[in-house]
Ligand code: 5GP
Ligand code: MN
């Protein structure tokens, strides 16, 4: 372990031991790493004998509902409880907790930020940011080891889920020997790979599959097929009786095309914003493209939300992506 990492973990542990009542947050539209990390952190704090309330602006996606304590996660701030400190997990910046909770984080006496995003605006009194980590759940595994805390089945399951989903089932470039060492340890602590994969990947509703079929019909290729795009409209959601949250993993279908170094999915959020999700291969840094529009993420997985109407946002953004990929623009 590097000296800096040891130091950062020690700072986190000192803060965890120092305070008693914690509020816990992760990012809006939580994914597997966000849900795994918030559940895991809740379990870790309870093992330390601390009081903790977890908050997410958006509800837990159904595929992560099997992670035990998600029912306890609150969706609105509490004005009756006083907290000593706030912990942010998997949040590239403070705004990512969502507007409902931004004031609670800003008002916190002490903020602990635990994250692995490339674009992280340090927000905390303690900022432990590990861009080399596959996932926030990998970092929380290291935290457990430093605390000499052996995960029980529920904690191992939460950590496994975050690592599984943030490595794209051990396929992305953030998958390395250390990931497999941790995964092996987590299975030893009771995580069940087949059961977890069944919940995460094979629990879709018929409506979700119908929505995916509609989205896949919109596929287009640009820049000599190096860019693949697709779009999701509100009417597709209405026509298929599905919901927006069910489209979370759709972008992964786009990147299966061999020629496509960049995949872009445009989604109408229904709030006058277009959610632009990007995935890339090789040297293409989509976090930089997302940053231009106030978003962020990782080199190979990033997103932003752009105000406007789908078709104009789409053509503007594809123009930027084509110039970037053709090397015409320096981002
Ligand atoms: P997605 O396409 O799944 O919405 O997001 C891809 C990645 O970018 C995720 O790791 C997500 O956490 C991150 N991300 C998405 N939107 C934002 C944003 O507005 N700001 C930052 N900093 N990261 C984002
Ligand atoms: Mn993550």
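Couple of notes before you dig in:
- Number of residues in region 276-291 that are closer than 23 Å to residue 216 by Cβ and surrounded by fewer than 20 Cβ atoms within 10 Å (Cβ to Cβ) equals 1.
- All positions within region 311-331 that are loosely packed, with under 11 Cβ neighbours inside 10 Å and at pLDDT 95 or above: 315
- Which numbered condition residue 300 misses (of (1) away from ligand 1 (no atom under 14 Å from the Cβ); (2) in contact with a helix residue (DSSP H, G or I) (Cβ under 8 Å, 6 or more places away or on another chain)): (1)
- Qualifying residue in region 125-145 (condition: assigned by TED's automatic domain parsing to the domain that holds residue 41, touching a helix residue (DSSP H, G or I) at 6+ places or on another chain (Cβ under 7 Å), farther than 27 Å from residue 261 by Cα and part of a loop (DSSP other than H, G, I, E, B)): no
- In region 7-30, the residues that are closer than 18 Å to residue 98 by Cβ and surrounded by fewer than 20 Cβ atoms within 10 Å (Cβ to Cβ): 28, 29
So that you can scan it fast, the table gives a plain yes or no per residue for (1) assigned by TED's automatic domain parsing to the domain that holds residue 151; (2) modelled with pLDDT of 95 or more:
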{"residue": "180", "(1), (2)": "yes, yes"}
{"residue": "188", "(1), (2)": "yes, yes"}
{"residue": "220", "(1), (2)": "no, yes"}
{"residue": "230", "(1), (2)": "no, yes"}
{"residue": "242", "(1), (2)": "no, yes"}
{"residue": "247", "(1), (2)": "no, no"}
{"residue": "256", "(1), (2)": "no, no"}
{"residue": "264", "(1), (2)": "no, yes"}
{"residue": "271", "(1), (2)": "no, no"}
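- Matching residues, region 148-174, being touching a helix residue (DSSP H, G or I) at 6+ places or on another chain (Cβ under 9 Å) and part of a loop (DSSP other than H, G, I, E, B): 149, 150, 151, 152, 167, 168, 169, 170, 172, 174
- Against the criterion of being part of a strand (DSSP E or B), away from ligand 2 (no atom under 16 Å from the Cβ) and touching a strand residue (DSSP E or B) at 6+ places or on another chain (Cβ under 8 Å), residue 302 does not qualify.
- Residue match in region 68-75 (condition: under 14 Å from the mean Cα position of the chain (by Cα) and on the phi > 0 side of the Ramachandran plot): no
- Region 68-111: number of residues that are exposed (fewer than 15 other Cβ atoms within 10 Å of the Cβ) and in contact with a strand residue (DSSP E or B) (Cβ under 6 Å, 6 or more places away or on another chain): 1
- Qualifying residue in region 307-330 (condition: outside any loop (DSSP other than H, G, I, E, B), within 12 Å of ligand 1 (Cβ to nearest atom) and either within 16 Å of residue 28 (Cβ to Cβ) or over 20 Å from the mean Cα position of the chain (by Cα) (or both)): no
- Test: residue 91 is without any contact (Cβ under 8 Å) to a residue 40 or more places away in the chain, within 16 Å of ligand 1 (Cβ to nearest atom), part of a loop (DSSP other than H, G, I, E, B) and in contact with a helix residue (DSSP H, G or I) (Cβ under 7 Å, 6 or more places away or on another chain): no
- Residues of region 31-50 that are surrounded by fewer than 16 Cβ atoms within 10 Å (Cβ to Cβ) and outside any loop (DSSP other than H, G, I, E, B): 46, 47.
- Some residue of region 51-68 being in contact with a helix residue (DSSP H, G or I) (Cβ under 7 Å, 6 or more places away or on another chain), in a helix (DSSP H, G or I) and away from ligand 2 (no atom under 16 Å from the Cβ): yes
- Consider region 69-87 and keep the residues that are touching a helix residue (DSSP H, G or I) at 6+ places or on another chain (Cβ under 7 Å) and not in a loop (DSSP other than H, G, I, E, B). The one that is nearest to residue 249 (Cα to Cα) is 70.
The values are calculated or read from the model by the stated rules, or taken from the named source; none is laboratory data. Quantities reported herein were computed from a predicted structural model and do not represent experimental measurements. As a convention, Cβ positions derive from the backbone with ideal geometry for all residues, glycine included, and neighbour counts pool all protein chains shown.
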